[in-house]
1. Return the tail of the calculated pair distribution for segment 240-283, meaning the percent of Cα-Cα pairs more than 17 Å apart.
2. With an 8 Å Cα cut-off and a minimum separation of 6 or more residues, compute the relative contact order for the chain in percent.
3. When the convex hull of the Cα atoms of segment 8-288 is projected onto a plane and the area is averaged over all directions, what value comes out in nm²?
4. How big, in percent, is the set of alpha carbon pairs in segment 1-152 lying more than 19 Å apart?
5. Tell me, what are the semi-axes, in whole angstrom and largest first, of the equivalent ellipsoid of segment 134-251 as set by the roots of 5 times the Cα gyration tensor eigenvalues?
6. Mind pulling the angle between the C-alpha long axis of helix 146-158 and the longest principal axis of the chain? Nearest 10 degrees, somewhere in 0 to 90.
7. Karplus couplings for segment 238-253 from phi (6.51 cos²θ - 1.76 cosθ + 1.60, θ = phi - 60°), rounded to Hz, Gly and Pro as x?
8. Determine, for 289, 113, 75, the number of other Cβ atoms within 10 Å of each Cβ, and report the residues in order from fewest to most.
Amino acid sequence: MRMPGPFDVRRVQEFEWPHRELAFVLLPDATPEEFARTRVSKDSRFVDVEAGTLRMSFHSFVVRTEHGVLLVDSCVGNHKTYPTLAEWNQREFPYLKRLRAAGLTPDDVDCVCCTHLHGDHVGWNTYLDNGQWVPTFRNARYLLAADELGFWENLHATDPDNMYRHVWRESVLPIIEHGRVERVTSDHEIWPGIRLAPAPGHTPGNVVIELEQRGERAIMTGDVMHHPVQIERPEWSSNFDSDPDAARATRQRLLERVANTGTYVLGAHFAGPTALRITSEGDAFDWSCP
């Protein structure tokens, strides 16, 4: 699926969760009663309206430019270890087949950028080859924000048995050991018109990816927002935010910056129309599908 706008941006979907309980993503701030008052709760593209559950997608964005091919966020991956999450544990997804359907092979990717290092954003960094985890995109440099990488390096050095250890050992450490990682600042320019921007809160070094071309803009927001309902209710932080207050502040600033500008907002987990535009009136934000 190609995103709207002047950019050659395509979504490569790994899988979709069609029925996620509100509490799974948005505790402790949301309630079913408040959710029912939002406009998105009535939209079957984003919500199972009858059940009141969320539709969520797991996908990468691929950006083709004259400078090369950029892949943003690499989903869950195959054969990965998630002992507490059966939906991800030791799965086999048709991700590479869908990448090829978008006209690309892993060897065509020049640059991989992970907005942060949670498991569902780094999984396809590697694949299992004869019992060893090796880089999937063997010609690519993997750009990781130094603040984000440093946080996780310190965690795994001081607490090697932490709950994220399998993600680190299977999907991050191998690309470091293979010399594929490039540490960059949180405002790094990848290529002209494509740059990182800091967006802390979900994780300490979380970033977004900003595109600008021919006077138009798009932002790949990663997990600054997990679901479009957070456009209408930016005060609702995710259950997975490491610093909920910082995440709220980052989300508010991003929405204020893009509202009424025509900027395309591309959510890492938005199902249905993945690219939205934001409007505001007073203190309230709303969304539309271009």
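1. 43 percent
2. Relative contact order comes out at 17 percent.
3. With every direction weighted equally, the projected area is 14.3 nm².
4. Summing the P(r) tail past 19 Å for segment 1-152 gives 61 percent.
5. Semi-axis lengths for segment 134-251 are 25, 21, 11 Å.
6. 70 degrees
7. So the Karplus estimates, Gly and Pro as x, are 6, 4, 9, 6, 5, 9, x, 5, 5, 5, 4, 5, 4, 5, 4, 5 Hz.
8. If I rank by nearby Cβ atoms, fewest first, I get 289, 75, 113.
Every number in this text was worked out from the coordinates using simple rules, so none of it is lab data. Computed from a predicted model, the values in this text were never measured in an experiment. Cβ: placed from backbone, ideal geometry, glycine included. Neighbour counts: every protein chain shown.
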